[in-house]
Amino acid sequence: SYVKSTIESQWYASPIKNWIFMAKMGAGAASKLAGSYVPVYEKFYVGGQGTVRGYNSGELSPRWGANAMYITTLEYRYKFVDNVFGALFWDMGYGWEGTKDISLSDMKKGVGLGLAFKFKAGQIRVDYAFPADKIGEEGELYVNFGGAF
């Protein structure tokens, strides 16, 4: 037996015509109960699409997953034409072995650009991101089919 809790919040604003600002925050913790463990498939894997773009999937977590995590995203989207959006984003986060290991100095940041095509059934989005401390080096390409966050 184990306990896993998560919290997520998203906020949107449109301060200028055709521009949308989005802020997203998520945090989570998982802990075992007496004589138990947290299954690997229930742990957090920070890094990659949906968390901190610019890093490989799970790269910002312990090898077998994190028991505590924090992520945040700030994004400006621009509507070029109906159903076609561009994005400039900044992600930050990390995954720790446990809550006692949390340190803000561990946080990693990613920055990048994206392009989304929206359809009635969902969207196709392509993002290209770099770790913030390695801009100019080879980044990561992400392709997502499905709903928007």
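The values are calculated or read from the model by the stated rules, or taken from the named source; none is laboratory data. Everything quoted here is computed from the prediction, not taken from an experiment. Here Cβ is always computed from backbone atoms with ideal geometry, including for glycine, and neighbour counts include all displayed protein chains. Accessible surface is based on the protein model in full, side chains and every heavy atom, while ligands, DNA and RNA are left aside. Shrake-Rupley method; radii C 1.70, N 1.55, O 1.52, S 1.80 Å.
For the chain, modelled as a GNM whose springs connect Cα atoms under 10 angstrom apart, the maximal fluctuation among F130, F21, F119 occurs at F119. Look at the alpha carbon pairs under 8 Å that are at least 6 residues apart: their mean separation over the length of the chain gives a relative contact order of 19 percent. Computed from the C-beta positions of S5 and E138, the FRET efficiency with R₀ = 41 Å rounds to 0.65. Under a Cβ-Cβ cut-off of 12 Å, what is the net charge of the residues other than G139 that fall near it, where Lys and Arg count +1 and Asp and Glu count -1? Net of charged neighbours comes to -2. With kT/(6 pi eta Rh) evaluated at 10 °C and eta = 1.306 mPa s, and Rh the Kirkwood radius from Cα pairs, region 97-145 diffuses with a coefficient of 121 µm²/s according to Stokes-Einstein. Using a Gaussian network model of the chain in which every pair of alpha carbons under 10 angstrom is joined by a spring, one finds that among K108, K17, K43 the greatest mean-square fluctuation is at K17.
Mean-square fluctuations from a GNM of the chain, with a 10 angstrom spring cutoff on Cα atoms, peak among S36, S61, S14 at S36. Of the peptides 88-97, 136-145, the ranking by mean beta-carbon count within 10 Å, highest at the top, reads 88-97, 136-145. Share of region 76-149's accessible area from carbon and sulfur, percent, 1.4 Å? Carbon and sulfur: 60 percent of the exposed surface of region 76-149. Counting Lys and Arg as +1 and Asp and Glu as -1, what is the net charge of the other residues whose Cβ lies under 10 Å from the Cβ of G47? Charge balance in the 10 Å sphere: -1. For the chain, a crude dipole built from +1 on the beta carbon of Lys and Arg and -1 on the beta carbon of Asp and Glu, taken about the Cα centre, is about 440 debye to the nearest 20. Which entries of K79/K134; K4/K109; K4/K79; K24/K120; K4/K120; K79/K100 show an alpha-carbon separation above 32 angstrom in the structure shown? Beyond 32 Å between Cα atoms: K4/K79; K4/K120; K79/K100.
Here region 97-149 and region 1-70 have alpha carbon centers that stand 12 Å from each other. Local charge sum around G110 (other residues, Cβ-Cβ under 15 Å, Lys/Arg +1, Asp/Glu -1)? Summing Lys and Arg as +1 and Asp and Glu as -1 gives -4.
Viscosity 0.890 mPa s, temperature 25 °C: what is the translational diffusion coefficient of the chain from Stokes-Einstein with a Kirkwood Rh over Cα pairs, rounded to a whole number of µm²/s? Result for D is 150 µm²/s. Per residue, the accessible area of region 1-140 comes to 59 Å² when a 1.4 Å probe rolls over the protein heavy atoms.
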